[in-house]
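Undergrad: Can you read through this structure? Questions will come right after.
Read the figures in this text as sums done on the coordinates, not as results from a lab. Being a predicted model, the structure only gives us computed values, none of them experimental. In this analysis, Cβ positions are derived from the backbone assuming ideal geometry, glycine residues included, and neighbour counts consider all displayed protein chains.
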Amino acid sequence: MGSFVFIWNSIKSGEGLALWSFCFSYLSNSAAPWSIQLIEADQGSNENTVGFCNAVEKIRNAYPAFDLKTNTGKIWSITTRFPERILGGTKFRFSIWTDFSPHPVLLTQHAGCITHDLIVEILRCTNQYPAREECLLSVCGAAVTELSMAISRLIHAYSSSFDANFQLASIPRSPLCADISLNSQLSFTVCSAHNIPEAWVTSYKVFSFSCLLTYAGKTICQVKICKNTPVKRSFFFLADWNEKVNFPLRIKALPRETMLTIKLLGVNSASKNAEVLAWTCLFLPVSCRRLVHGTVLLSLAPCSTVPTAVITPGICSTDTPTSATLQIDFPEADLEFIKPEPEERRGDLVEPTQECLKHIARLSQRHSLLLSEQQRRILWFYRYSCNNQNCSLPLVLGSAPSWDRTTVSEMYALLRAWRFSHPLQALGLLTFSFPDQDIRRAAVQQIENVSNDELLEYLPQLVQVLKFEWSLESPLVKLLLSRSLQSIQVAHQLYWLLKNAQNEVHFRMWYKKLLAALQFCAGQTLNNEFSKEEKLIRILEDIAAKVKAATDPKRKEVLKEELSRLQQFFQEVKLCRLPLNPALVVQGIETDSCSYFTSNAFPLKISFINANAPSGNINVIFKIGDDLRQDMLVLQIIHLMDNIWLQEGLDMQMIIYRCLSTGKGQGLVQMVPDATTLAKIHRESGLIGPLKENTIKKWFHHHHPLQSSYQEAIRNFFYSCAGWCVVTFILGVCDRHSDNIMLTKAGHMFHIDFGRFLGHAQMFGSIRRDRAPFIFTSEMEYFITEGGKNPQRFQEFVELCCRAYNIVRKHSQLLLNLLEMMLHAGLPELKSIQDVKYVYDNLRPQDSDLQATSYFTRKIKESLECFPVKLNNLIHTLVQMSVGSSAKPPAPESVPQEWMVLDTERSLSRATILGFSRKPDPIYLIQVVQTCNVVTFVEKSFHQFSTLHSHLQKQFPSHALPEFPHSWHLPFTDLEHKRVKDLNLYLKQLLSGSRKVANLLTKSEIWLFLGPQSAGEKPGVQLVMSYENTCLTIMLKHMRNLHLPDGSAPSAHAEFYLLPDPGEVSRRKTRTAPKGSDPTYNELIVYDRVPELQGRVLKLVVKSKGTFVGAVNIQLSSVQLNEEKWYPLGNSVI
């Protein structure tokens, strides 16, 4: 064993191998028994790597457009020279005993000397001079032959364990172990750990190891070895155990994709505790389903980087060995894993009852990782009753109790019989939960039916699950490489995703090989484009680092100086594609438009000159110091939700910018033109801009003087605001404030910066910074409803949000699968199944559409009533304002030109209070005369007059309004008569003031206040009713045009009665809505055990603090179920 250690430590880096080869071939021109012949291995010596190279070449050859003569792509080749200083600086001392002297002959030789020279020196010192060749053969012929065989076995073990550029011409064969079969227990020998770092030897007395078998992240069996061995030294430090390990499991019982993990432990000299120092792993089926056999060398990785769950072949690096290397000897046996055949085992299973089928349907709305053990058992018990109509295949297979041969054969039977409704349903079978190669192959066969454009939508997830593949020749790898040859977009995005994935420590070599394969397939022209893009990113990275490091006074100067490098770059390459999108070709930069942002990382703003001149410049942000992978994921899923809406015919006017991580802590972000942060809009409105209701409305008035464009801006804001409310709620986007919410002049709202999501909010002590479900503030509502003039717009907004929410919920499984596929991507806030559960809880796939509508309506109201959001925006506005500068004056009130035209049919001539009635709150009778001489009468309270004046002040802050009468009065005065006089003066000044003000008022608040109601604006209530399994469900959606007898808006609630009701137990009551004429509820009322609807009447009564508002009786037998309908409210109870 000592000579084995010496040879291993001498040749493991390559050059020592050539030394020994020269030594043995020098002795004779003919092939001697000890000669070793090496051949060059162009594609590497590792069997799996060679197979991958051949497979990639077949893929490329399938596309004749790519000529091998002009393709400069490389696959895989590593050559590392052995450091000469190790052999040159090491000496051995020899003691040689002979028959001619009782004293030994002492010699000192360099480690690099060859055996031939050593023997000659010994003969010279002992005065023996026979023929050199004869002496060598007689003295050490048998030893050299034995040593030669040991070296051959070592070279074979090295070249088959790692990627080398050589291998043996003739592989040594060892006799097979006759007593090893598939019925034998798994056993092997842990021989030794070589080249242990000196720091470990100093800190730890003795070393041991432990072994465990894992499958799909779960431990199958664990063996702890307590044999502590001190370190030996033979050139390098090694721990020599030579310990046989026996697992109490038969080989045939092991799942085919079983992984062996070995940990190296050391006993700390100070604490006397055993600590894990390093680890390594091995895929037991080495290739072609054959069980690993013979000597295996494994690199040991430091334990600080040990993955807790992801143990796959991709983590096993076959690169040149690390400093510490483990040797394991497996029995020489030619055994193959036998795949189970599909077989149904229905046994005594009975047909499920209707109740069981309903339970399966409820379980189908959950995710496999979120099922309890009992739910898994139930689902697996009824596995043969599941199909694509009532369940999903990943959910059924994920409920299997184990991965033993019997269970796997049943899984195969289910897989063979299953009919997928859509190829994307198979994505769930590519997660870490499903390591079985046949299941993954079936999933890829489904995904092959997806178009290239659709494949792009899911490429980030597919690149991530490549780490769960068990071979570089897997069907998924072949699919992605084939598609990259069909689509430049796929090839381009795949290139940058693989490039970025190389930053994952454990899978760096795995992804490097895949990237090399992509470049080999891509061809010279596309590789040249990749090279230009990489060079562009390196220049931007260097500029950003220098700008960030510069002091404030010199930062602009540094930027200007460094931008010349970009100009030189474009002089060399002429044209370059942007990594964000290969369709964007740029030919230079506009230096004057380039700048940097004053945030902590000082990101760059680069204005590229578009090669397509009419399209204008392309502005991007380059960031360093920020991990943009999370932003990429959030934007990808938001884009997917938008596509889902569009497929349903719903255009939410979403603006979703592009974002790309180009390396560790760096990346590009697309800039949206004509966009402004909400914080900047607030600052333009003064110090307390965030607290004003009309800030957004005024900003859009300023940019849209025409009514038509203004209404288009409202429409764009209406839809985009609803869309972002839904997506930010579902994904739990946090750290929301006015600096990361943006508005375009066209009305689109969108969010930026997604460093926190899935509910991981910043905390102030024990208080969450984000306390609203999402951002929807009163100023947004004010803009949507045009300052309250169109209150029904809010009802429409709620309906739109709920509709968009329900559409996305139908695709819950897809969204959850995409998140699960990213669980092991190393994202800071997507690490555990609890993060996936957060999205599941927000999607509520188990709820009906009515239940989800009611739920999301409550979230809208929570957001609307959350004052800390405004306070947070105010803080951001104050922080962003310069200390020495005052806020910009608010933009002047801009009146839409189309509003300047008088509508004679709706103009008011005069309004006069004729008298009042003494009630608890006096009501004034007003005579209203229109310009067309139509006379009407309305009743209003003093509070309503006061509310009118407040609205006018908010809507027209720059116009001079009449003075409103005081609400206070002196004692012993006739208050009401005085108010009649004061209010008449107020009305006269309103209607006979300047023409400009009068015209505005007749078109706005005062017309709504004094103008007559149309016949169609009667009080009403909107309901949706459903009836199933004796359960009557009523959703109260909205009410409209509610007024109290005095004309004021009520604080209304609804009371329901199911008649006949002899026991008087059917009363149900809703919550009370805030004061308003058009309240929204979306509240569910449920009556259980209603045997039939015939002869039943639903009575609905609307009240406001005990005051009757309206009522309606509905014959349930004539109701159209599951349809929205408005019912008129009468003025009495029948």
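Undergrad: Would any residue of the stretch 1067-1093 have its amide N under 11 Å from a label point 7 Å out along Cα→Cβ of H943? List them or say none.
TA: Only 1075-1076 fall inside the zone, counting backbone N under 11 Å.
Undergrad: Through the Karplus equation 6.51 cos²θ - 1.76 cosθ + 1.60, θ set to phi - 60°, convert the phi angles of the stretch 570-575 into ³J(HN,Hα) values in whole Hz; use x for Gly and Pro.
TA: Once rounded to whole Hz, the list reads 6, 5, 7, 9, 6, 10.
Undergrad: Name the residues whose placed amide hydrogens come within less than 5 Å of the amide hydrogen of A1052, ignoring near sequence neighbours (fewer than 5 apart) on the same chain.
TA: Counting only residues 5 or more places away or on other chains, the set is A1073, G1076.
Undergrad: In Å³ and rounded to a whole number, note down the convex hull volume per residue for the Cα atoms of the stretch 185-330.
TA: Spelled out: Cα convex hull of the stretch 185-330, divided by residues, is 112 Å³.
Undergrad: Between N1122 and K272, how many nm apart are label points set 7 Å from Cα along the C-beta direction?
TA: Result for the modelled spin labels: 7.4 nm.
Undergrad: Starting from the coordinates of the alpha-carbon atoms of the stretch 582-698, obtain the Kirkwood hydrodynamic radius over all distinct pairs and give the value in Å to one decimal.
TA: Every distinct Cα pair counted, the radius reaches 16.9 Å.
Undergrad: Same structure again: By counting other Cβ atoms within 10 Å of each Cβ, how are S392, S778 ranked from fewest to most?
TA: Least to most surrounded, the residues fall as S778, S392.
Undergrad: Counting Lys and Arg as +1 and Asp and Glu as -1, each charge on the Cβ, what is the dipole of the stretch 331-440 about the Cα centre in debye, to the nearest 20?
TA: My answer is approximately 680 debye.
Undergrad: From the backbone phi of the stretch 841-846, what are the Karplus-calculated ³J(HN,Hα) couplings (6.51 cos²θ - 1.76 cosθ + 1.60, θ = phi - 60°) in whole Hz, Gly and Pro given as x?
TA: Running phi through 6.51 cos²θ - 1.76 cosθ + 1.60 with θ = phi - 60° gives 5, 6, 6, 6, x, 6 Hz.
Undergrad: For the stretch 484-557 and the stretch 176-203, what is the separation of their C-alpha centers, rounded to whole Å?
TA: 40
Undergrad: Additional query: Give me P(r) over the stretch 502-574, computed from all C-alpha to C-alpha distances, binned every 10 Å, as integer percentages.
TA: 17, 31, 28, 20, 4
Undergrad: Further, regarding this structure: Report the calculated FRET efficiency for E351 and C303 (r = Cβ-Cβ distance, R0 = 56 Å), to the nearest 0.05.
TA: 0.60
Undergrad: Could you calculate the FRET efficiency of T591 with Q486 from 1/(1 + (r/R0)^6), where r is the beta carbon distance between them and R0 is 56 Å, rounded to 0.05?
TA: For R0 = 56 Å, the calculated efficiency reads 0.90.
Undergrad: Next up: Viscosity 1.567 mPa s, temperature 4 °C: what is the translational diffusion coefficient of the stretch 704-772 from Stokes-Einstein with a Kirkwood Rh over Cα pairs, rounded to a whole number of µm²/s?
TA: 97
Undergrad: What does the extension gain come out to for E448 and Q109, with contour length at 0.36 nm per residue minus their alpha carbon separation?
TA: 115.6 nm
Undergrad: Same structure again: Need the full-extension length gain, N246 to L961, defined as separation in residues times 0.36 nm minus the C-alpha distance. One decimal, nm.
TA: Roughly 248.0 nm would be gained on extension.
Undergrad: OK, next. What GluC sites (Glu not before Pro) does the stretch 1070-1134 have in DSSP loop regions with at most 13 other beta carbons within 10 Å?
TA: Passing sites in the stretch 1070-1134 are E1092, E1123, E1124.
Undergrad: Exposure proxy check: D552, D739 ranked by fewest other beta carbons within 10 Å?
TA: D552, D739
Undergrad: At 7 Å along Cα-to-Cβ for each site, give me the label-to-label distance between N790 and R419 in nm.
TA: With each label placed 7 Å out from Cα toward Cβ, I get 4.8 nm.
Undergrad: With 10 angstrom as the radius, rank R736, R93, R153, R910 by how many other C-beta atoms surround their C-beta, starting from the fewest.
TA: R93, R910, R153, R736
Undergrad: Taking 0.36 nm per residue of separation and subtracting the Cα-Cα distance, what length does fully extending I833 through D552 add?
TA: Contour length minus Cα-Cα distance gives 96.7 nm.
Undergrad: Report the FRET efficiency, 1/(1 + (r/R0)^6), for R715 and M671, where r is their Cβ-Cβ distance and R0 is 22 Å, rounded to 0.05.
TA: After rounding, the FRET efficiency stands at 0.35.
Undergrad: If you put +1 on each Lys and Arg Cβ and -1 on each Asp and Glu Cβ, how big is the dipole of the stretch 810-869 around its Cα centre, in Debye rounded to 20?
TA: Value, rounded to 20: 60 debye.
Undergrad: Starting from the Kirkwood Rh over alpha-carbon pairs, what translational D in µm² s⁻¹ does the stretch 1020-1128 have by Stokes-Einstein at 10 °C and 1.306 mPa s?
TA: 112
Undergrad: May I pose another question? Sequence-distant or interchain residues sharing an amide H contact under 5 Å with W241, placed H: which?
TA: Those qualifying (amide H under 5 Å, at least 5 residues apart or on another chain) are S192, A193.
Undergrad: Using amide H atoms built 1.01 Å from N in the peptide plane, name the residues 5+ places from C576, or on other chains, whose amide H lies under 5 Å from its own.
TA: Here the answer is V586, since their amide H atoms fall under 5 Å of that of C576.
Undergrad: When 1/r is averaged over all different Cα pairs and the result inverted, which Kirkwood radius in Å belongs to the stretch 675-893?
TA: The Cα-based Kirkwood calculation yields 18.4 Å.
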